[in-house]
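Remarks on the structure that follows.
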Amino acid sequence: MSKFNWFNSLRYRLTFFFGGISLIFCLGFTSYLSSITSDKLLNAYANQLTMIGRSIETTISNNIDERAREISLLSKRALFSGASANYPQIRQNLDNIKASYEYYSWLGFADINGVVQYAADGTLEGHDVSKRPWFINGKTGVFIGDVHDAVLLAKVLNIDKNDPLRLIDFAAPVFDTNNNLLGVVATHSNWKWVNTVIESALARSQQQTGIDVQIVSRDDGILYPQASADQHLPQDLLPKDNSSQLIQWPDGHEYLTGVTTLKSTLMDQLGWRIVVRIPKNIALQEITELQRQLLWVSVIAVLLCLWFVYRMSISMSLPLERLITVTREIQAGKEQVKFPKSNGLIEISFLIDAIQKMTFSLLSHEKSLMEMNQTLENKVLERTKELESANQELERLSRRDPLTDLHNRRSAAEHIDSEFTRLKRFGLAYSILMVDIDHFKKINDTYGHETGDIVLVEVAKLLAQSVRKADLVARYGGEEFLIILTGTDSGDALTLAEKIRASINTTEFSVVKNVTASIGLSTVEQADETAYEVVRRADTALYLAKTTGRNKVCT
Ligand SMILES: Nc1nc2c(ncn2[C@@H]2O[C@H](COP(=O)(O)OP(=O)(O)OP(=O)(O)O)[C@@H](O)[C@H]2O)c(=O)[nH]1
């Protein structure tokens with residue numbers, strides 16, 4: 001079996017594949033969501049900055065228009081000419097107007113020569129203002145001047161140096177009834193009113209944290225806040241058009257910066273811009289938080305996806321893994337196995353069913369084969385036994401005489417060889433008797449061949465009964481028998497031979513009644529060179545017995 005590799009496992013490959021897809025999808029989706037929400041949030045911030053800028057711009061322009069209208073109306077009143085014009089009345093009017101608006105620092109009228117004739121609270125009366133821009137420009141029409149530090153007033157009003165007085169001038173020409181220029185009426189409005197405007201604008205904004213506002217003049221000079229009044233912004237820092245952008249400021253930080261140009265029918269000449277900005281990190285704080293939350297959601301989503309995919313992979317691979325275990329158990333020879341249940345997938349169900357059926361079929365075939373094999377083995381064993389028995393019988397028959405069931409000549413010869421070997425090795429003596437029925441031909445001739453056979457059988461039986469078990473009786477020829485007497489010397493052999501002869505002689509045979517036999521006896525000698533010398537001597541002795549009267553034993 002190949003070495004186990006995690007990645008080659010169905011379970012882990014499915015998990016990695018689908019987990020990877022869900023990871024890529026979640027990250028992509030989160031990134032896309034983060035991108036569009038970031039853009040939307042940034043746009044929302046930009047819109048908010050624009051709205052704050054516009055709100056301030058509207059308030060400031062309305063306020064300035066109001067001041068300009070007020071000075072214009074004052075210039076058109078017949079206050080400074082005609083029969084009713086007198087100092088107390090003019091002073092009273094100017095005092096009332098100044099008191100009506102808290103940010104009026106100065107309100108007065110300079111004659112055509114630039115000498116202040118009337119002023120609220122009498123401030124600067126008699127001073128020459130002919131060189132002041134408001135006087136010069138105010139002679140030709142309604143004039144609104146840029147914000148500037150107070151020059152004359154600062155001296156007169158004893159202003160704190162740490163909180164310098166900054167003013168915006170409004171001036172308008174005064175004509176008599178014949179339209180001749182009488183002088184210029186003007187007011188210096190305290191620039192601090194812009195603080196109020198900006199604070200109320202920021203207060204209206206729900207997101208004033210981190211937002212700051214600057215008012216910048218046409219030449220990039222900072223008009224507001226007061227603390228940066230003498231500073232200038234770098235050229236081209238601010239975008240030309242009214243828009244919001246991420247801009248790097250001179251302090252090295254990036255700010256989302258919204259610019260709104262002050263627009264007013266009376267104010268086009270000023271070119272002021274309201275700059276509302278918020279540090280990038282604060283503007284992006286919510287975006288960063290949103291991205292963090294989205295990241296968490298995506299991490300949880302990916303983990304859930306991975307868990308789900310892993311569980312799904314297990315449910316797909318588990319039946320297969322159990323199927324592998326079962327097939328291994330079958331391979332190991334276990335017969336009682338439990339096949340796994342399907343997880344509901346048709347393919348897995350079919351596979352389990354197919355393997356189950358195939359296994360049962362194979363096991364059934366194997367069982368039949370084993371039974372057949374066993375039967376064959378039994379038959380072979382039986383046949384082998386029969387064969388062995390037949391062989392033994394054949395072997396026995398090959399050594400037996402079929403008529404008398406005595407050992408045959410071949411068996412006798414083997415026994416003689418064996419005895420001769422024992423003689424030579426251990427010196428064990430033995431004797432040979434050659435027994436031959438007398439006149440057997442006559443028996444055949446007289447009683448028939450069958451009767452002759454009966455005589456042969458009866459003599460054989462008698463011979464077999466006459467010797468010990470260790471001795472061997474064989475039919476050596478037609479009516480001739482050979483007896484090997486193991487461990488028997490010539491004396492004992494002679495006794496036994498005589499006993500046999502007498503026994504044949506006295507036995508009453510079934511048909512023939514009387515039968516005699518002649519016996520030749522010889523005992524082996526150490527000097528014998530071959531096993532058959534003793535046989536030959538016995539045969540010679542038999543011949544002697546035959547020729548000397550028969551029914552006798554000769555040695
Ligand atoms: N019935 C029968 N006769 C046999 C068998 N074998 C040999 N004979 C017969 O035995 C006879 C032997 O005769 P002979 O050799 O002349 O011997 P004999 O007649 O016994 O004479 P002596 O040995 O001299 O006494 C022959 O006639 C054989 O045919 C046998 O198996 N059965």
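Distance between the 7 Å Cα→Cβ label points at Asn180 and Arg13: 11.1 nm.
In this simple spin-label approximation, Thr359 and Glu371 carry label points 7 Å from Cα along the Cα→Cβ vector, and these lie 2.2 nm apart. The calculated FRET efficiency for Ser31 paired with Asp111, based on their beta-carbon distance and R0 = 60 Å, is about 0.25. Rounded to the nearest Hz, the phi-derived 3J(HN,Hα) couplings of the stretch 98-104 under the Karplus curve 6.51 cos²θ - 1.76 cosθ + 1.60 (θ = phi - 60°) are 4, 5, 6, 9, 4, 8, 6, where x marks glycine and proline.
Computed FRET efficiency, Cβ-Cβ of Asn281 and Thr196, R0 35 Å: what is it to the nearest 0.05?
In this case the efficiency is close to 0.75.
Of the GluC sites (Glu not before Pro) found in the stretch 502-555, those that fall in a DSSP loop while having at most 16 other beta-carbon atoms within 10 Å are Glu508, Glu525, Glu529.
Our coupling estimate for the stretch 145-151, obtained by passing each phi through the Karplus curve with A = 6.51, B = -1.76, C = 1.60 and θ = phi - 60°, is x, 5, 5, 8, 6, 5, 9 Hz, Gly and Pro reported as x. Using the Cβ-Cβ distance between Thr261 and Tyr310 with R0 set to 51 Å, the FRET efficiency works out to roughly 0.25. With θ taken as phi - 60° and the Karplus curve 6.51 cos²θ - 1.76 cosθ + 1.60 applied, the whole-hertz 3J(HN,Hα) list for the stretch 168-175 is 10, 9, 10, 9, 8, x, 10, 10 Hz, x standing for glycine and proline. Against the chain, whose longest principal axis comes from its Cα atoms, helix 449-466 is set at around 80 degrees.
Peptides 538-545, 13-20 ranked from most to least packed, by the mean per-residue count of other Cβ atoms within 10 Å: 538-545, 13-20.
Treating the angle as unsigned and between 0 and 90°, give the value, to the nearest 10°, between the Cα long axis of helix 346-398 and the longest Cα principal axis of the chain. On a 0 to 90 degree scale, this one is about 10.
Bear in mind that the values in this text are calculations on the coordinates, not laboratory data. Because the structure is a prediction, the values reported are computed rather than measured. Neighbour counts run over all protein chains shown; Cβ positions are idealised from the backbone, glycine included.
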